[in-house]
Each structure stands twice: as structure tokens, then as C-alpha cells.
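What follows is a set of notes on a single structure, which appears directly below.
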Amino acid sequence: MSCLEAQVSLKRGGFQLDAEFSALNGVTVVVGPSGSGKTSLLRAVLGALRPEAGRITLDDQVFFDAKTGVHVPLEQRRIGMVFQEGRLFPHLSVRENLLFGAKRLLVDTPGHVSFDEAVTVLGIAPLLARRPATLSGGERQRVALGRALLAQPRLLLMDEPLASVDAERRDEIASLIWRLSRRIDIPILYITHSFEETARLADQVLVLTDGRISAAGGLADVIMASPLLRHAPGLAVRLEGEWSAEGQGEAAVLTPAGPIIVSQAPSGVAEGRTALLVRASDVVLAVGAPPQGLSARNILAARAVAMTAIPADQVLVRLRAGEADLLSIISHTSVARLGLKPGAAVYAVIKASAISA
Amino acid sequence: MPRPRRPLRLLSPEPRLSLQSTFLPSPAELVALRVSLTVAVRALAFTLPLAVAVAYGLTRRRFPGRLLLDLVSQAPLALPPVVVGFALLLLFGAHGVLGAPLARLGVRLAFTATGASIASGVMAFPAMVRQLRLAFEAVDPRLDEAAASLGARPWDRLVSVTLPLAGPGVIAAALTGFAMAMGEFGAVITFAADIPGETETLPLAIYATLQTPGGEAEALRLSIMSLVVAGTALVAAEAVMRRLRQRIAP
């Protein structure tokens, strides 16, 4: 397990960034409005910006320490970076781009992603001979991700990597990034504006507002604590688990919330670990006895943990089901009708077809 | 009866002979061409790397004395070439600041072919730096950052990213430098004098023939040679630039 610890103070014009955080293996998503300092924070960790004060370390390696004057140059930090616009080298083929960092490695890290593995997982084998200028946005970002991974980084930074990707390909690449984050097992800092990407990827969320970290923690914690996330459209949580075949076009995923039936496995990957996105608007609540005679296949015993008002006269309910967090959005009227209070035992009802893997 | 030393051209029965003698260069004229090419190639050999370094430094780096370097590199553009030649004499002449110690080592630059290369190289330098700066400015500096994040050190990044991407611009700058070195007159004649076979380049030879009565035909042949060299260089450079541009952005 690696640990990135950063304490960064820097001033750019009238803007002051003062952020302190740590990130373990897995994806730490940094969200915040434009101009909140997300990119500056990332660039300071990368080594492209030198903070005025603070300290940045990865395990026992000091990247930056204002007190001792240490500032390790960017090229010696072994930090992989996926930029918003890909930044592939236009004069090199896709293959040469992929191998750019790999060729400059002195030693291989045990368990690193090989060229063949990266090409297969990212689905870029047909592109190897092409030039970057001929690639689509999604293809470009997959190559950029492969290029960063093949340099065997100890830390991976991604600055809105899906911003230049067509909307219909974003989910696909986001779940690819999630799968890779489990494979490479290093700390990943991921900047985004999108709640969807946050929900699909985050193991930890940092909310940056006006150059300060205003909330940090697990997705459900941060949603309840930060108005910025709470008001985002499409609120959802991610449940991770193992596939277990169920037959008849249905499959179940064994999650910490209990087994969840999904109507169909996406394109054959019905084995190993997967991540399900459960939208708060798809979770129906029932009180009293377990509901009977429903068409919905998933009925999970849960407890309402916290409730908070959100726009459009609705209430966001945070639930605990088994070992997992769930969210549900219901109306004020329903809350009153059910007499719902924090601590109440409820049943969370979810249609199999509403859950996307 | 002794034969006349030269056949009388006007009485020659063969019109083709006359055409040949008008348009085919004489051995002495070919020597001027050879001198010009040698001087220009050697001028380019030492100026181009220096111009690349200065242009790269001025575009991508911040360092003390940057403005001074900028001004010094532009100076030959604003000065009369004769003044540049004279300045070179003051520096590298037999009694010059650098010339005297060099002379003790047995190195003489003034009034030599090397001197002609230096004079024409110095005159070509500012235009090359200008063109190279444009070429480097056109390369996205963010690619440099991407290369650094992949472990490439500064020199590596210059050689494997910035220079290849600036390729067409570097070719254009080399062509400009070559053409300017081929054509330099004032600085060369002041610093290296007009020594046939050594420092007499095409422009110097053209000037010399024009000082001789009836030298127009020879001057014309020399001028045509200059034109052919410049034309060939332009076409070759254009072909190379096209190929490079295609490689960068198909």
C-alpha cells in the first residue's frame, strides 16, 4: 500500500491554494467548480508547479519540501499523467507513443502492466500503426492512458481525461479506468467535473472550493456533507462485488449490500469483480414488513442513516444496507407519509433493469 | 604560321560554339562556384547548431542575460555588413583581441577561406535565429511536460520531441542561412578579402568581373550559377519540408 501525502500552498495572482490531503491506493477523485485550484493542485504534485510552502511525499520519497528546499524534477518523480487533451506526440505512431516512457525505464517494477496486456485491455491493437492525428477523442485518451501505465508509474494523475471524449463513450472508458485502477493498485488522483465519473471511480472524494478542501471522505459521506455534490444531477453510489451466474439472461453480483440481480451482464464480462452504479432516483423505500408481490427483483433490508433536503422539494436519504452505503431520493410528502426518521428500518427496492454495470 | 591564341568568336563558322562559350562556365568560374559552396556549407555547419541552441534558449528558457543574448544575436541584422566585417577584423585580425593569441597558436582567420565562412555565417545568424524561434514557438510546450512525465530528461526531450516537431522550421532556417551565406558580400570582402580560389565567392567574382571592361558575359554566367544553386536548394528544402510535415500531421 502506497500513500501520497501532500500539503500545498501556492499563490497565483489573487488566487491562494491551501490544500492538505493524503491518498492511498485506489482512486481519489478531486471535484470542485472551475477555478477552485484542482489543476494547480495536480500540477504541484506532478512537479510542473513549485508551491511556495508545504511538503509532498510518496511513501518515504520526498518530492517537495519547502523547509529543506527539496524539489525533485518532474522527470524523476515517476508519476504517470493523463492530460485532458491526451498530449500524444504527433510525430510518433501510436506504438511509439505507448513505448515512449517504457523505453526510458531502467528497471521493471514487479507486476507491471506489459505492452500486450495494455494493448488488449485498452482495445487499441488496431490503432498501433496509426498517427495520433487520425484518432478519435476516446481512442486518443485510451492511448494516453496506456502510455502513462507502460512507464510503470508509482502514482497516476488524471486531469479530466474524459472531457474531450464523446458522451456515449465516457461510461465505457470510465469503467475501463476503474478496472485498471484495481489492476495496477497505486494511488490515482482523478480530476473531474462530472458526478457520473465521480460515482463510477471514487474510493475517496476531495471537494476543493476556493483553493481549500471543503470536504473529504467516501462518496456517500461527501455527498451528504457537500452542497456541491448533493445538488449534482444523477446522484448514485457504486457497489462493487463478484459476479455469480444466475441463468436465464440474469446475473447476480455479490455486493456488501447483499446479492443484487441485474438484468444482463454487459458484453460477456460476467466473471470476476465488477462495479454497479445504483442511482438514488431508482431506489424505492418501503417500511414495515418486507414488501410482497413486487415486480422489482431486489429488496434489500436497510436502515435510514441520515436525511437531507435537496432542491425540487425532495429529500436525500442515506441508507446502510449490509456493509454498503445506498442513497434514495424521495419526496417530502413520502417522508411524511412513511413517517421516516433517521434510524428507521426500511427496505430498499430496486429494479434489476435499473442497475447498470 | 603561329595559330592565334584565341579563335575569333565573331568569325566562328559554328554558332553552337558561340552559344557554348557564352553559357558554359570557364574553369575559373567553376572555382568561384566551388568556393561559394564550400564557404556556405562550412558557415552553416557551425552556425546552425549555435542558432538552434540560441533560438531554443530564447523560446523555452528563462535565464539571466536573456535580453542581452537576444540583442546580440540580432545585431548583425541591423549593422552594415562592412561594419560586421570590420568588427571581425578587430576581433580576429593578426593584432586583434582574439586574433593575436590565435596567431601565436598558428591559427589565422582573417583573409582565409575559414574567415569567409565565419563572416558569412555571422551575417546569416540573425535570420536563422528568427526563423528557428518561430519554429520552436509553434511546438506545443505542453508536449515537453508530457515527455518529462514519461521520464525524459531535458536534452532527451529536445532531441526526441521538440526538434523533430520543429523539423520543417529547422530546414527552412538552414536554407535561409545557406542562401544568405552564399550571397554575403560586404562582410566577406572586408574580413576575408577577394582571393580567387580561396575567398572569392560568386558575389565577389561577379563584382570583380563587372570591374573589368567586357566582363558582362562572365558576370551573367556567374549570376546564372547563383540562380541555379539557389533554385536547387529551394526545391530540395521544399521536398524535405513536405515530407516532414506529412509525418507530423497526416
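The values are calculated or read from the model by the stated rules, or taken from the named source; none is laboratory data. Predicted, not measured: the structure shown is a model, and the values here were computed from it. So basically every Cβ, Gly included, is an ideal-geometry build from the backbone, and we count neighbours across all protein chains shown. Ligands, DNA and RNA are stripped out before the accessible areas are found, and what is left, the full protein with its side chains, is counted by its heavy atoms. Shrake-Rupley method; radii C 1.70, N 1.55, O 1.52, S 1.80 Å.
Taking segment B:50-64 as the range and being open to solvent by less than 80 Å² (accessible area, probe 1.4 Å) and at pLDDT 90 or above as the test, the residues that pass are B:A51, B:V52, B:A53, B:V54, B:A55, B:Y56, B:G57, B:L58, B:T59.
When residues in segment A:72-118 are screened for being within 27 Å of A:D60 (Cβ to Cβ) and at the interface with chain B (Cβ under 10 Å from one of its Cβ atoms), 15 of them pass.
Being of a type in the set (D, E), modelled with pLDDT under 85 and either touching a Ser or Thr at 6+ places or on another chain (Cβ under 6 Å) or open to solvent by 20 Å² or more (accessible area, probe 1.4 Å) (or both) is a condition met by no residue of segment A:233-240.
What is the residue count in segment B:109-158 for residues that are at negative phi, more than 14 Å from chain A (Cβ to nearest Cβ) and open to solvent by 10 Å² or more (accessible area, probe 1.4 Å)? Residues that pass the stated criteria total 14. One residue stands out among those in segment A:36-61 that are among the basic types (K, R) and surrounded by fewer than 23 Cβ atoms within 10 Å (Cβ to Cβ): the one that is farthest from the other protein chains (Cβ to nearest Cβ), which is A:R55. When A:F64 is tested against (1) of a type in the set (F, W, Y); (2) away from chain B (no Cβ under 14 Å); (3) in a loop (DSSP other than H, G, I, E, B), exactly one condition is not met: (3). The set of residues in segment B:159-174 being closer than 20 Å to A:M81 by Cα and either within 7 Å of chain A (Cβ to nearest Cβ) or in contact with a Leu (Cβ under 7 Å, 6 or more places away or on another chain) (or both) consists of B:V161 alone. Consider segment A:286-325. How many of its residues are part of a strand (DSSP E or B), open to solvent by less than 30 Å² (accessible area, probe 1.4 Å) and under 17 Å from A:S353 (Cα atoms)? Final tally of qualifying residues: 2. Of the residues making up segment B:90-102, at least one is of a type in the set (F, W, Y) and either open to solvent by less than 70 Å² (accessible area, probe 1.4 Å) or part of a loop (DSSP other than H, G, I, E, B) (or both). With the structure loaded, tell me whether B:G85 is surrounded by 19 or more Cβ atoms within 10 Å (Cβ to Cβ) and modelled with pLDDT under 90 or whether it fails that test. Considered against the rule, which asks whether it is surrounded by 19 or more Cβ atoms within 10 Å (Cβ to Cβ) and modelled with pLDDT under 90, B:G85 comes out as no. Of the numbered criteria (1) open to solvent by less than 70 Å² (accessible area, probe 1.4 Å); (2) out of contact with any Lys or Arg (no Cβ under 6 Å at 6 or more places or on another chain), the one B:R42 fails is (1).
You will find that of A:R147, A:R142, A:R130, the residue that is open to solvent by 60 Å² or more (accessible area, probe 1.4 Å) and not polar (S, T, N, Q) is A:R130 and no other. From the list A:A220, A:A216, A:A252, the one residue that fits, being open to solvent by less than 20 Å² (accessible area, probe 1.4 Å) and touching a residue at least 60 places away in the same chain (Cβ under 8 Å), is A:A220. Only residues that are within 11 Å of chain B (Cβ to nearest Cβ), in contact with a Phe, Trp or Tyr (Cβ under 9 Å, 6 or more places away or on another chain) and assigned to a helix (DSSP H, G or I) were counted in segment A:130-183, giving 4.
Kindly list, by first and then second residue, each pair from a residue in segment A:105-123 that is under 13 Å from A:L145 (Cβ atoms) to a residue that is surrounded by 13 or more Cβ atoms within 10 Å (Cβ to Cβ), limited to pairs with Cβ atoms under 6 Å and residues at least 6 apart or on different chains. Hits for this filter: A:V113/A:L149; A:A118/A:G146; A:A118/A:L149; A:A118/A:L150; A:L122/A:R142; A:L122/A:G146.
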